[in-house]
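A short reminder: the numbers here are calculations on the coordinates, not readings from a lab. Bear in mind that the values here come from a model prediction, so they are computed numbers and not experimental data. When we count neighbours, we look across all protein chains shown, and the Cβ atoms used for this are built from the backbone with ideal geometry, even at glycine.
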Amino acid sequence: MTVKLNKDVRILVVDEQPLTQNYLRYALESLGYSSFIYAENSAVALTQCRDKTFDLIICSFNLNGKDGYQLYQELKARNLFSHSTGFIFISAETNPSLVHSVLELQPDEFMVKPYAIKDLQARIDRTVQRKKLFRPLYTLMDLNKTGQALKMLEQWLEQGYQLKYHNMLLKIKGELLQQAGRWTESEQFYSNLIQHDSLQWVKLGLARCLIQREGFSEAIALLQPLLNKVDLKLAALDLLAEIHLRQHLYKKAQAELLQAADMAPRNLLRQQKLMNLSRLTHDYEQQFKAARDLLRFARFSIYEQPDLYLNLARASIDYALSIDEEEHIIRLSKVANETLNNMRQLFPEPQKEQQQAVVQARIYYLKDQIDKAKQMLLTLDKTQGELGPEDILDKAKALHEVGLLSRSRELLRQLTQDENKLKNVDSVFLSYLKQELQERETLPMGPREFNNNAVLLYEKGQWHQALDAFIQAFHIMPGNVGIALNLLQSLSSTENINPAIQTEQLRLQCEVMLSKTKLSEAQQKRWQQLQSQQKIAI
């Protein structure tokens with residue numbers, strides 16, 4: 001059975017290019033459609049969708065300000081179009097990261113400019129017919145009547161309704177079962193379909209069920225082959241990362257999220273997870289990159305908020321404190337300053353003032369204006385204000401950096417014991433918080449000063465104490481070239497090293513990091529000397 005298409009379909013066209021608008025007008029009129037209106041930007045499109053309902057939205061990705069991707073996000077978040085509304089993306093760009101990002105949103109169709117009228121007709125007809133055929137189901141889904149929607153699906157599947165769309169209905173059923181939390185039923189449903197090689201998405205659904213009951217090895221076995229499927233790789237990487245997060249294998253999870261973020265960088269939730277994981281693994285460079293991408297892709301969207309600016313400024317400082325290249329530190333300090341200034345311009349109303357002041361104090365510390373930073377923090381410590389967990393953590397870092405160690409540790413201890421503040425934070429943040437408390441408890445000074453103190457111990461011939469300090473400094477700042485070189489030198493010159501210290505593993509970690517890093521001429525020369533000494537010793 002097919003549905004005869006009504007040419008009175010209500011269509012919204014979102015495109016800012018007059019030439020494209022004219023071409024679409026000509027194409028739609030040629031195809032017999034007459035009920036369509038135009039929106040030249042996302043703001044107008046949002047207004048139109050608040051005031052009217054549409055059967056189909058044809059949207060250009062390339063819009064100034066809030067682009068088509070962000071418009072789609074906002075329409076979904078604000079419930080401004082329903083499951084029965086078709087959505088066709090049109091883009092002049094075809095780079096893989098954009099295509100993967102758009103397809104991850106699951107629009108009904110994705111077209112590349114230029115396109116033929118015949119192709120446009122096929123896409124519209126296919127989308128509109130499907131939406132009309134399954135309107136009763138989509139209506140129940142819009143009303144969150146999941147139980148009734150599942151009953152309708154069961155009836156349709158038993159009756160063989162619209163066999164052409166049988167696999168699509170199966171897929172919707174599995175998704176609804178999982179949305180309803182009916183995991184046992186969902187696992188049985190997917191298990192019954194697992195032998196169908198043409199339904200590779202079944203493996204994703206079954207893997208989600210297995211993860212829920214901690215069947216991690218079984219889930220991994222299902223997901224690994226999907227990494228070779230272009231259309232399923234993103235979802236497989238996300239699920240593998242979730243497994244490794246639950247197993248506390250943070251570096252594996254980070255590597256998988258990094259692959260996924262490279263494929264589809266506009267997914268903000270994934271970038272947020274990547275940023276949090278990167279700081280937990282002491283990968284401050286990746287933390288900075290994720291924070292930067294998070295802000296870049298949230299710009300103009302409903303998700304743009306002051307905290308994203310604060311997080312980028314904080315990540316810039318964390319990264320700068322982990323390296324010893326002066327020019328790079330200056331650039332990162334400039335990024336932190338500019339990010340704060342942009343935040344103040346875009347969000348001029350008084351908010352986040354205490355958080356901004358803490359970041360400013362950390363920038364002073366980064367510039368070796370330690371007294372100025374300390375005075376600002378001491379003044380700030382007397383003020384009252386409601387701070388979130390991230391804000392408290394950043395304040396504790398700042399206090400520790402300027403030498404106010406007891407106050408820093410006290411703040412962290414209070415936060416770890418405050419169940420009310422931590423009730424909505426994820427497990428990665430909790431792990432990071434505990435790690436920070438442990439490291440700040442053992443560090444008798446700021447990270448930079450700690451390395452400098454280790455150098456003094458080494459120069460005084462206190463080699464074992466120096467080695468212990470270099471090991472700890474390298475653990476906290478694994479991307480710092482100077483610390484890696486100091487640790488290698490200390491490992492080579494210290495005798496009777498404690499057998500519990502895994503010297504070969506430490507050497508390998510230092511060498512891998514140095515081989516992947518662009519070294520200055522002086523650093524390269526020093527590393528070559530250390531390598532020569534190691535060969536002679538062997």
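When all alpha carbon pairs of the chain are counted in 20 Å bins from zero, the resulting P(r) reads 18, 44, 30, 9, 0 %. When Rg and Dmax are taken over the Cα atoms of region 226-295, they come to 11.3, 32 Å. A Förster radius of 35 Å, combined with the Cβ-Cβ distance separating Gln529 from Asn420, puts the computed FRET efficiency at roughly 0.05. Shown is the FRET efficiency for Tyr115 and Val44, computed with R0 = 22 Å from the Cβ-Cβ distance and rounded to the nearest 0.05: 0.40. Once you sort the root eigenvalues of the Cα gyration tensor of region 129-185 as a ≥ b ≥ c, which label holds: rounded (a/c under 1.5), prolate (a/b larger than b/c) or oblate (the other case)? Taking the square roots of the gyration eigenvalues as a ≥ b ≥ c, region 129-185 is oblate. Filter the trypsin sites (Lys or Arg not before Pro) in region 255-362 to those in DSSP coil with at most 16 other Cβ atoms within 10 Å of their Cβ, and list the result. Passing sites in region 255-362 are Arg299. Taking other Cβ atoms within 10 Å as a rough exposure proxy, Arg440, Arg126 sort from fewest to most as Arg126, Arg440. Remark: Ile88, Ile317, Ile370 ranked as Ile370, Ile88, Ile317, counting other beta-carbon atoms within 10 Å and listing the fewest first.
Of the two radii for region 264-442, the radius of gyration is 0.93 times the Kirkwood radius, both from the alpha carbons; that is the Rg over Rh value.
Short-range pairs are left out: with C-alpha atoms under 8 Å and at least six residues apart, the relative contact order of region 10-108 is 29 percent. Rg of the Cα atoms in region 11-133, relative to 2.2 N^0.38 Å, amounts to 0.97. How much net charge surrounds Asp391 when only the other residues with a Cβ under 12 Å from the Cβ of Asp391 are counted, with Lys and Arg +1 and Asp and Glu -1? Taking every other residue near Asp391 into account, the sum is 0. Can you give me the Cα centroid spacing of region 35-61 and region 454-498 in angstrom? Their Cα centres are 62 Å away from one another. Under the shape rule built on the C-alpha gyration tensor, where the axes satisfy a ≥ b ≥ c, region 140-255 is prolate, since a/c reaches at least 1.5 and a/b is greater than b/c.
In this structure the amide hydrogen of Ile57, modeled in the peptide plane, comes within under 5 Å of the amide hydrogens of Leu12, Gly86, Phe87, Ile88, none closer than 5 places in sequence on its chain. Rounded if a/c is under 1.5, else prolate if a/b is larger than b/c, else oblate: which is region 200-325, with a ≥ b ≥ c the root eigenvalues of its Cα gyration tensor? Prolate. Here the calculated FRET efficiency for Leu519 and Asn452, from their Cβ-Cβ distance with R0 = 25 Å, stands at 0.75, rounded to the nearest 0.05. Checking the Cα-Cα distances for Lys367/Lys516; Lys7/Lys131; Lys252/Lys395; Lys252/Lys273 against a 21 Å cut-off, the pairs over it are Lys367/Lys516; Lys252/Lys395.
Computed over the chain, the per-residue total of -39500 (n - 2.57) for DSSP H runs of n ≥ 4 gives a 222 nm mean residue ellipticity of -21000 deg cm²/dmol, rounded to 500.
Put simply, when 15-27, 58-70 are sorted by average Cβ atoms within 10 angstrom per residue, most first, you get 58-70, 15-27.
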